[in-house]
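Asks: Sharing a structure below in structure tokens format, with a few things to ask.
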Amino acid sequence: MDSNNHYDAIVVGAGPAGLTAGIYLSRARLKTLIINEGTVGGQLILTHEIANYPGVESISGYQLANIMKKQATSFGCEIRSNINIRDLGLTNELKTITLSDGNIYTADSVILTPGGRSRTLGVTGEDNFKGRGISYCATCDGDFFTNKEIVVVGGGNSALEEAVSLTKYASKVTIVHQFDHFQAFEHAVQDARVNTRIKFIMDSTITSFHGNENLEYVDIRNLKTGRVSRFKTDGVFIFIGYIPNTEFLKGRIDLNKWGEIVVKSDMSTNIEGVFAAGDSITKRFRQVTTAVGDGTVAALAASNYLHELKIKQKQLITA
Ligand SMILES: Cc1cc2nc3c(=O)[nH]c(=O)nc-3n(C[C@H](O)[C@H](O)[C@H](O)COP(=O)(O)OP(=O)(O)OC[C@H]3O[C@@H](n4cnc5c(N)ncnc54)[C@H](O)[C@@H]3O)c2cc1C
């Protein structure tokens with residue numbers, strides 16, 4: 001075992017859950033490495049404004065991510081970002097992670113925080129018009145639709161909140177939702193309903209996307225009547241949920257049927273020494289605050305595990 005590449009804890013993912021775990025672990029003087037596939041911050045960096053993070057009235061997701069990163073590294077936490085995991089061994093007491101650059105890291109404990117990504121509609125034309133009229137991120141692409149007429153698909157908090165935020169740019173936003181009611185919080189529904197730029201097409205779904213160079217229109221089917229109508233639009237934003245980024249964990253750890261990591265209340269998984277936190281675990285509400293809370297619990301439980309492991313290892317040496 002190369003002691004330079006050995007850590008008390010390795011955290012997989014540098015979103016709010018992983019960065020929080022990094023802050024707690026390194027502040028507890030545990031040698032900690034965060035390995036992150038993308039840019040540090042995870043979904044935070046896709047978020048234009050966070051106004052529901054207690055203690056901070058309003059902040060961009062990018063700024064909040066950078067503060068969390070600075071906090072973690074100030075306590076000695078190391079971060080390797082924009083790198084892929086090639087292989088991981090979780091079942092033995094000594095955990096092993098091999099990266100795409102060939103580096104092999106070992107750790108006594110692992111915290112998995114890979115988060116999630118947007119779900120797609122999976123209908124004809126969606127792949128063709130991604131980035132040419134179809135978007136999954138209002139913050140990233142909203143500005144491209146200034147004074148245009150757009151559609152937002154979905155009925156949860158993300159859909160309604162982003163529909164309202166898109167009215168800063170678009171002249172008209174039509175929300176297409178498959179049910180006759182929304183799943184979002186009441187205040188989000190009210191904000192959308194009182195916005196004069198927002199219209200609603202309920203009980204309906206987009207069945208195909210059409211255009212030439214760019215998206216020009218969509219076919220919308222009314223799910224009650226079956227009637228399909230053609231709807232002219234400059235762009236479509238899709239907010240219909242998420243998929244946990246847990247494909248790389250399939251067969252290695254207990255996942256539920258949706259691919260979420262199964263955890264106990266202390267964020268421990270079915271494998272000793274392996275914990276999980278954030279949007280990738282089994283839970284109902286996915287927010288920065290809940291990710292941060294999970295990250296805290298996972299880090300404290302991992303610290304406890306490491307403490308007991310060290311006592312056990314000492315006893316074995318002296319026996
Ligand atoms: C558009 C948008 C707006 C939002 N607005 C808000 C809001 O206003 N308020 C709020 O509270 N929440 C908001 N959220 C939700 C919030 O961003 C998430 O709940 C939160 O970021 C989840 O944190 P996480 O750390 O679990 O996962 P993520 O933020 O998804 O981070 C996971 C990280 O893990 C990395 N990763 C994935 N797989 C691997 C792998 N195999 N190996 C290594 N690294 C990997 C990813 O690259 C990523 O950096 C919003 C989300 C979106 C998409």
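Asks: On the given criteria, is K130 surrounded by fewer than 17 Cβ atoms within 10 Å (Cβ to Cβ), away from the ligand (no atom under 14 Å from the Cβ) and in contact (Cβ under 8 Å) with a residue 60 or more places away in the chain?
Replies: no
Asks: So, one more: How many residues, within segment 5-19, are assigned to a strand (DSSP E or B) and either open to solvent by less than 10 Å² (accessible area, probe 1.4 Å) or within 16 Å of the ligand (Cβ to nearest atom) (or both)?
Replies: 5
Asks: Quick one: which residue in I83, I23 is more than 9 Å from the ligand (Cβ to nearest atom) and either closer than 24 Å to N157 by Cα or at pLDDT 95 or above (or both)?
Replies: Answer to the check: I23.
Asks: Let me ask something else about it. How many residues does segment 246-286 contain that are touching an Asp or Glu at 6+ places or on another chain (Cβ under 9 Å), open to solvent by 40 Å² or more (accessible area, probe 1.4 Å) and not hydrophobic (A, V, I, L, M, F, W, C)?
Replies: The qualifying residues number 5.
Asks: Look through V263, V297 and report the one residue that is assigned by TED's automatic domain parsing to the domain that holds K95, at pLDDT 95 or above and not in a loop (DSSP other than H, G, I, E, B).
Replies: V297
Asks: Evaluate the following for V292: is it of a type in the set (A, V, I, L, M), open to solvent by 20 Å² or more (accessible area, probe 1.4 Å), touching a residue at least 24 places away in the same chain (Cβ under 8 Å) and not in a loop (DSSP other than H, G, I, E, B)?
Replies: yes
Asks: For segment 24-60, which residues satisfy the criterion of being closer than 25 Å to K310 by Cβ and without any contact (Cβ under 8 Å) to a residue 60 or more places away in the chain?
Replies: Matches in segment 24-60: S26, R27, R29, K31, T32, I34.
Asks: Determine which member of the set I201, I220 is buried (at least 18 other Cβ atoms within 10 Å of the Cβ) and either small (G, A, S) or assigned by TED's automatic domain parsing to the domain that holds T174 (or both).
Replies: I220
Residues are listed down the side, and each one gets a yes or a no for (1) closer than 24 Å to E272 by Cβ; (2) in contact with a Ser or Thr (Cβ under 6 Å, 6 or more places away or on another chain); (3) in a loop (DSSP other than H, G, I, E, B):
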site: A21; (1), (2), (3): yes, no, no
site: K70; (1), (2), (3): no, no, no
site: R86; (1), (2), (3): yes, yes, no
site: I97; (1), (2), (3): yes, no, no
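Asks: Quick one: is E216 within 16 Å of the ligand (Cβ to nearest atom) and among the acidic types (D, E)?
Replies: No: the conditions fail for E216.
Asks: For S109, indicate whether it is farther than 30 Å from I311 by Cα and of a type in the set (G, A, S).
Replies: no
Asks: Let me ask something else. Identify the single condition in (1) within 13 Å of the ligand (Cβ to nearest atom); (2) surrounded by 20 or more Cβ atoms within 10 Å (Cβ to Cβ); (3) not polar (S, T, N, Q) that L30 does not satisfy, given that it satisfies every other one.
Replies: Only one criterion in (1) within 13 Å of the ligand (Cβ to nearest atom); (2) surrounded by 20 or more Cβ atoms within 10 Å (Cβ to Cβ); (3) not polar (S, T, N, Q) is unmet by L30, namely (1).
Asks: On to the next question. Does segment 170-179 contain at least one residue that is part of a helix (DSSP H, G or I) and modelled with pLDDT of 95 or more?
Replies: Looking for residues that are part of a helix (DSSP H, G or I) and modelled with pLDDT of 95 or more, one finds none in segment 170-179, hence no.
Asks: Quick one: which of N92, N66 is surrounded by 14 or more Cβ atoms within 10 Å (Cβ to Cβ) and of a type in the set (S, T, N, Q)?
Replies: On inspection, the qualifying residue turns out to be N66.
Asks: Which of the following residues is outside the structural domain of R29 (by TED's automatic domain parsing) and either closer than 30 Å to C137 by Cα or charged (D, E, K, R) (or both): R286, R227, R252?
Replies: R227 is the lone residue from the list that is outside the structural domain of R29 (by TED's automatic domain parsing) and either closer than 30 Å to C137 by Cα or charged (D, E, K, R) (or both).
Asks: Still on this structure, please answer the following. All but one of (1) crowded, with 21+ Cβ neighbours inside 10 Å; (2) within 11 Å of the ligand (Cβ to nearest atom); (3) within 30 Å of N4 (Cβ to Cβ) hold for D108, so report the exception by its number.
Replies: Among (1) crowded, with 21+ Cβ neighbours inside 10 Å; (2) within 11 Å of the ligand (Cβ to nearest atom); (3) within 30 Å of N4 (Cβ to Cβ), D108 violates only (2).
Asks: Does K312 qualify as being of a type in the set (K, R), under 24 Å from G89 (Cβ atoms), open to solvent by 20 Å² or more (accessible area, probe 1.4 Å) and assigned to a helix (DSSP H, G or I)?
Replies: For K312, the condition - of a type in the set (K, R), under 24 Å from G89 (Cβ atoms), open to solvent by 20 Å² or more (accessible area, probe 1.4 Å) and assigned to a helix (DSSP H, G or I) - is met.
Asks: Considering only segment 50-63, state which residues are surrounded by fewer than 20 Cβ atoms within 10 Å (Cβ to Cβ) and within 7 Å of the ligand (Cβ to nearest atom).
Replies: Across segment 50-63, the qualifying residues are A51, N52, Y53.
The values are calculated or read from the model by the stated rules, or taken from the named source; none is laboratory data. Computed from a prediction, not measured in an experiment: that's the story for all the values here. Reconstructed Cβ throughout: ideal geometry from the backbone, glycine too, with neighbour counts over all protein chains shown. What goes into the accessible areas is simple: the full protein's heavy atoms, side chains included, and nothing from ligands, DNA or RNA. Shrake-Rupley method; radii C 1.70, N 1.55, O 1.52, S 1.80 Å.
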